[in-house]
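So the structure is just underneath, and the comments pick up after that.
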Amino acid sequence: VASDALCYWRALLHFWGGGSFDECPPLPRTPHSRVQLFSVALVDWLWDRPHYRAGTFGQDLRTNLRNVAVPATGVPLSLFCAHRLLQRLFFVLVNPLLCLLAALVHVRQDRRADFSEVFRQLLLTPTHWFALWRLNCCLASFHSLCSQAEGYRCEDKWTFLREAEQLGVPVTPSLDISNLVVKHVNEEGGLGIFFYKNVRAGGEWIIQERLHNGPFISSLLPEDAPLSTLRVITASDRSFVDATHEDKAGEMKSLSCVFRAGRSRATTDHDSVLFDVDTASGSIHSGTTNQHWYTLGFSKAIRELGLVPERTNCHPDVDIADGKLRVAGKTIPNMKAILSTVEEAHASLLPDVPLCGWDVALTNKGLMLLEVNLSCNFFLGTFDMQWYLRFMERHLRALDACRSSM
C-alpha cells in the first residue's frame, strides 16, 4: 500500500513539475496507470485555461459536479473545485484516503479480496464509472484546447440540432414558433404564467413536443417512466492531432451501449437502472445503478455506507404475476441500424472530436438522437478496455507534445 501511494505521489510531482507523458516514474509503466496518473495531474494544468463549454476547466467542474457526491459522505465533489488549492489537496490527500477506505469496505464485503490489490487498482488503475467519466472529460478539454477542433461547437444543443437537421441526421424536431406562453389553469393576478422565447427567434429555449417511448421500450418500463434512452459511445480515428493520412480516412467505432431504464415517476432517465447492452447483438444484460454517487447530504448518505448496488435482471418498479419484469435477456431491435446512425452522425457532424456519447431514443415516432455529449459517460457499460486505453494513450501522448509548443 505504501509503495503504491508513493508511486502515485511521485507521478503527480513528475507531471506537475512539467515531466512528459512518456517519462513518468518507473512503476506506473502500464498503459492504464500512466493514462490515469497523467490525467489526474492534467486537471491542475487545465484548471484556469479556456474550456469549450465554460469559461475555464475549473468553472466547468464546479458547474457539473454540484450534484455528484463522494459516496457515503453526501459531500458534493464541487466543494473540492471551489479553489485550485482545494483540488490539489483532494488529489494529494483526499483521493488516496478515499481509495484506502473503499478498499477496506470492499474487503469487508468480499473476504477473498486482497486489500493491497484492491487499493492499487482503485488508486492507479480505477475502472469505476466516475474515474472513466473524469478521464473522458480531461481528454475532451485537453483535446479541444490543443486542437481547436470545430466539432466542439456541437456541445451547444441548438447548434447540434440545427446542423444535424441540415445533414439529415434524425434528431428530435423543434417547434418553429417565436414564443410560447404557459398558463396555470387556476392561478390569477399575474401568477402562474410563463413566457419562453424560442432560440429560433433569438431566445434561449429550444421548444419541442414531448416524445414518448416506442412500443418495445415501453414494454420494459413502468407506465409512468420517462423517455428512456440508449447511451452509445463512439470513437473517431480522425481526431488525433498527429493524424496520418490513414487516420483521416478512418472510421467511427461504437464502443459501448447502455439502456437507461427510467424509474417510476422520474422526470428524466438520469434516475434509472443502467442495463448493459451487447453492441454486436443488441442483447440486454444485467443492470445496476450509480445513484449512490448522487446522494447529497450526510444524513442520507450515511444510510448507504458500505452498500454496493447489486446487479439485477429486472426493473424494480414493474410488478408482474410471478415477480418483477425481467429486462435482461431481451434484445434491442435493429441494433445494427442504431450503431450505424450514431457512427454516421459522428462522421458527418464532428469527426475531429475523439469521443461522443449519444442519447438515442426509440420513440413513438421512430429513432431519434436527443443530443450528443462530448465529455461523455459510459454509464457502467462494458467495452474493449485495452482498445480504449491504446486510444487514450495515443491521444494524451500527442496532445502532451502539442502543448509543449503552445
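What the table shows:
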{"read-out": "Positive-end extreme of charge dipole, the chain - chosen from Leu46, Leu274, Ala337 (charges on Cβ)", "value": "Leu46"}
{"read-out": "Eligible lysines near Lys253 by straight Cα distance, threshold 25 Å, same-chain separation 8 or greater", "value": "Lys157, Lys330, Lys336"}
{"read-out": "Net dipole in debye of the range 335-394 [+1 Lys, Arg Cβ; -1 Asp, Glu Cβ; about Cα centre; nearest 20]", "value": "120 debye"}
{"read-out": "Kirkwood hydrodynamic radius over Cα pairs of the range 142-273, then Stokes diffusion coefficient at 25 °C and 0.890 mPa s, in µm²/s", "value": "132 µm²/s"}
{"read-out": "Within a Gaussian network of the chain (alpha carbon springs, distance under 10 Å), most fluctuating of Arg62, Arg49, Arg112", "value": "Arg112"}
{"read-out": "Max mean-square fluctuation residue, GNM over the chain, Cα-Cα springs under 10 Å, options Glu117, Glu251, Glu371", "value": "Glu117"}
{"read-out": "Intensity falloff of the range 88-201 expressed as log10 I(q)/I(0), Debye formula with alpha-carbon point scatterers, at q = 0.16, 0.21 Å⁻¹", "value": "-0.87, -1.18"}
{"read-out": "Reachable aspartates and glutamates from Lys365, criterion Cα separation under 13 angstrom, eight or more residues apart if same chain", "value": "Glu209"}
{"read-out": "Convex hull projection area averaged over all views, the range 275-406, Cα basis, nm²", "value": "12.8 nm²"}
{"read-out": "FRET efficiency, His212 to Asp176 (Cβ-Cβ, R0 30 Å, nearest 0.05)", "value": "0.90"}
{"read-out": "Most fluctuating residue given options Arg200, Arg210, Arg394, as computed from a GNM of the chain linking Cα atoms under 10 Å", "value": "Arg210"}
{"read-out": "Cα-based Rg / Dmax (Å) for the chain", "value": "22.2, 72"}
{"read-out": "DSSP H segments from the chain that extend 24 Å or more along their own axis, Cα-based, with Kyte-Doolittle mean of 1.6 or above", "value": "none"}
{"read-out": "Charge dipole magnitude, Cβ of K and R +1, D and E -1 - the chain, Cα centre, debye nearest 20", "value": "800 debye"}
{"read-out": "Lys/Arg +1, Asp/Glu -1 at C-beta; the chain dipole; positive extreme among Gly19, Ser228, Gly202", "value": "Gly19"}
{"read-out": "Distance between modelled label sites at Cys402 and Thr127, nm, 7 Å Cα→Cβ extension", "value": "2.9 nm"}
{"read-out": "Mean projected area in nm² (Cα convex hull; one quarter of hull surface) for the range 1-116", "value": "8.3 nm²"}
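Quick note: the coordinates plus some simple rules give every number you see, no bench work behind them. Remember, predicted model here, so these are calculated numbers, not experimental data. Here the Cβ is made from the backbone with ideal geometry for all residues, glycine too, and neighbour counts use every protein chain on show.
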